[in-house]
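First comes the structure, then the notes that go with it.
What follows draws every value from the coordinates through simple rules; no lab data is involved. All figures in this text were calculated on a predicted structure; none of them were measured in a lab. FYI the Cβ positions are ideal-geometry reconstructions off the backbone, even for glycines, and counts take in every protein chain you see.
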């Protein structure tokens, strides 16, 4: 009976961890776009899609997100950016500081 309890406990823990980690991944699509007029560099833009992530890991890999109103904002990760319903897309770097 103890081995059955142990098995069920491990199965439950594995299932719970799987569900939690799946919540951390943002539902996104990536496309390459040029950075500006005449710019030959390419920048991967990740577009946030529904459903939005509910749980994100605590780490710092800054991204520059484009908001629905056209402004930009730095978020800690792509997951935290896409968790905000005002975010349309992001690129993998912090936003440039404006003064």
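Things worth noting here:
- Here the label points at residue 69 and residue 84, each 7 Å from Cα along the C-beta direction, are separated by 1.1 nm in the simple model.
- When 92, 69 are sorted by how many other C-beta atoms sit within 10 angstrom of their C-beta, beginning with the fewest, the order is 69, 92.
- Computed Rg/Rh of segment 41-99, alpha carbon atoms with Kirkwood Rh: 0.95
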